[in-house]
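The values are calculated or read from the model by the stated rules, or taken from the named source; none is laboratory data. Since this is a predicted model, take the numbers as computed values, not measurements. Neighbour counts are summed over all protein chains in view; Cβ atoms, including those assigned to glycine, are modelled from backbone coordinates with ideal geometry. The protein model used for the area step is the full one, side chains on, heavy atoms only, and it has no ligands, DNA or RNA in it. Shrake-Rupley method; radii C 1.70, N 1.55, O 1.52, S 1.80 Å.
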Amino acid sequence: MTPAVTTVLEKVDEERCAIARALDVPISSALEWLQSAYGVNETTLRSALINNPAYQGIKAPTSLKVRYLLEDVPTGLIPLTSLGELAGINTPTCRAVVDLACAALSHNFWDEGRTLEKLGLKGMSKKELHEYLQHGVSCRGK
């Protein structure tokens, strides 16, 4: 993990947490999750990733055609940007990473990604989305 990569990860995590807070969803930061899940006692995301014994020996990919881009971009970052729009939270880092993945792989992830529209959530208010996520039903028309 280079300093630049972890800086980008921290920015993505900040956007993710801001969206969750705007939607009243309890959430842990990536650092808090690493501390909880792995017992890593570090103060920065970079040090938690580098010093996590569970990650020791994992080598970096030798190609960009890996699940971290092919799967996580359309099913993770694109839904985050879509939820950000609903929540009124800007997601410039998430968008930049998606755009870079599109350019690097000559693939339009925006076309296939899981947007609110594709998930059947487009047009919901924050309240309607929260109700749907809590109970599996929309409160529209109530």
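How many residues are open to solvent by 50 Å² or more (accessible area, probe 1.4 Å) and either out of contact with any helix residue (DSSP H, G or I) (no Cβ under 7 Å at 6 or more places or on another chain) or under 16 Å from K11 (Cα atoms) (or both) if we restrict to the range 78-92?
Here is the first cut: in the range 78-92, the residues open to solvent by 50 Å² or more (accessible area, probe 1.4 Å) are 85, 88, 90, 92.
Checking which are either out of contact with any helix residue (DSSP H, G or I) (no Cβ under 7 Å at 6 or more places or on another chain) or under 16 Å from K11 (Cα atoms) (or both) leaves us with 85, 90, 92.
Residues flagged as open to solvent by 50 Å² or more (accessible area, probe 1.4 Å) and either out of contact with any helix residue (DSSP H, G or I) (no Cβ under 7 Å at 6 or more places or on another chain) or under 16 Å from K11 (Cα atoms) (or both) within the range 78-92 amount to 3.
Picking from residues in the range 118-131 that are free of Cβ contacts under 8 Å to residues at least 60 places away in the same chain and over 19 Å from T75 (Cβ atoms), the one that is most open to solvent (accessible area, probe 1.4 Å) is K127.
Which ones in the range 34-47 are farther than 23 Å from A96 by Cβ and either open to solvent by less than 30 Å² (accessible area, probe 1.4 Å) or within 14 Å of the chain's Cα centre (by Cα) (or both)? Correct list: L34, V40, S47.
The residues of the range 101-117 that are surrounded by 14 or more Cβ atoms within 10 Å (Cβ to Cβ) and under 17 Å from the mean Cα position of the chain (by Cα), listed by number, are A101, C102, F109, W110, G113, R114, T115, L116.
Of the residues that sit in the range 107-142 and are hydrophobic (A, V, I, L, M, F, W, C) and at pLDDT 85 or above, which one is nearest to G84 (Cα to Cα)? Steps first, please.
Pass one, the range 107-142, residues hydrophobic (A, V, I, L, M, F, W, C): 109-110, 116, 119, 121, 124, 129, 133, 137, 139.
Checking the rest, the ones that are also at pLDDT 85 or above come to 109-110, 116, 119, 121, 124, 129.
Values: F109: 17, W110: 15, L116: 10, L119: 15, L121: 13, M124: 13, L129: 12 Å.
Once the filter is applied, the top-ranked residue is L116.
In the range 43-68, the residues that are of a type in the set (S, T, N, Q) form Cβ pairs under 8 Å with partners that are open to solvent by 60 Å² or more (accessible area, probe 1.4 Å) and assigned to a helix (DSSP H, G or I), at six or more places apart or across chains, as follows: N52/Y38. Checking R95 against (1) open to solvent by 40 Å² or more (accessible area, probe 1.4 Å); (2) modelled with pLDDT under 95; (3) not in a loop (DSSP other than H, G, I, E, B), only one condition comes out false. Which one? It is condition (2) that R95 fails. Would you confirm whether or not the range 52-65 contains a residue that is exposed (fewer than 14 other Cβ atoms within 10 Å of the Cβ), modelled with pLDDT of 95 or more and not small (G, A, S)? So far as the range 52-65 goes, no, none of its residues is exposed (fewer than 14 other Cβ atoms within 10 Å of the Cβ), modelled with pLDDT of 95 or more and not small (G, A, S). Scanning the range 1-42 for residues that are part of a loop (DSSP other than H, G, I, E, B) and without any contact (Cβ under 8 Å) to a residue 40 or more places away in the chain gives T2, P26, I27, S28, S29, G39, V40, N41, E42.
Of all residues in the range 11-33 being among the acidic types (D, E) and within 11 Å of the chain's Cα centre (by Cα), which is most open to solvent (accessible area, probe 1.4 Å)? Give the steps one after another, and end with the answer.
If we filter the range 11-33 for residues that are among the acidic types (D, E), which is where we start, we get 13-15, 24, 32.
This time we only want the ones that are within 11 Å of the chain's Cα centre (by Cα), so: 13-15.
Details: D13: 21, E14: 102, E15: 17 Å².
Only one residue tops the list, namely E14.
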